[in-house]
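Here's the structure, in structure tokens; my notes come after.
Bear in mind that the values in this text are calculations on the coordinates, not laboratory data. This structure is a prediction, so every number in the text was calculated from the model and none was measured. Please note: Cβ atoms are built from the backbone with ideal geometry, for glycine as well, and neighbour counts cover all protein chains shown.
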Amino acid sequence: MKLHRKKTVYNIKRVYGNLKRRLCSIKSVSDQSGWNFYPPNPTWPRLKEVLKAAFLRIGGDANLGRGILPLLRETGLTDTKIRAATLAIPGGHPYMRMPLIGAMGFRETILKDGLMTETEFEEVMGAMEKLIVFPETYAIWFNVVQTWGRKPARINTVRSDV
């Protein structure tokens, strides 16, 4: 996780180091803490944890929104602000399929790294398919966290040609 943090700070500095204006905005980082399907189903928490683990294995952080504000401050931005939004997704909405699409995209990583067996993967995908087509099912989506801050007049930036 420390390597991911260093990479994120590096990338933030690189982005705002190239800005002409002093306002820096980092948008649409996620926080999966509220991402749930209702009525509750035991299959969803398992798939959610596996998706989070697969995302980490490829260098991402599905919960970056939880720690993004301190990272912005660590890079030297001032007057930092944060806001978050979430959606309620009704049954039948195309976004209900997003976890299945994500799992299929991570299938190779999930199986190769032993996060699930092929049998478990197929069972979980089938159970989720049944859950999302059930007309009474709805989802509270993950939080989308937006942050911004001001770039001081002088700040140590990362050269983009390195």
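Things to note:
- Sites residue 113 and residue 46, calculated FRET efficiency, Cβ-Cβ separation with R0 22 Å, nearest 0.05: 0.90
- Sorting 52, 130 from the fewest to the most surrounding beta carbons within 10 angstrom yields 130, 52.
- With coordinates expressed along the principal axes, the C-alpha atoms belonging to the range 34-162 extend over 55, 33, 21 Å, beginning with the largest.
- Cα extents of the range 67-135 along the three principal axes, largest first (Å): 49, 34, 13
- Taking 0.36 nm per residue of separation and subtracting the current Cα-Cα distance, fully stretching the chain between residue 122 and residue 78 would add 11.1 nm.
- Cα gyration tensor, the range 107-146 - rounded (a/c under 1.5), prolate or oblate: oblate
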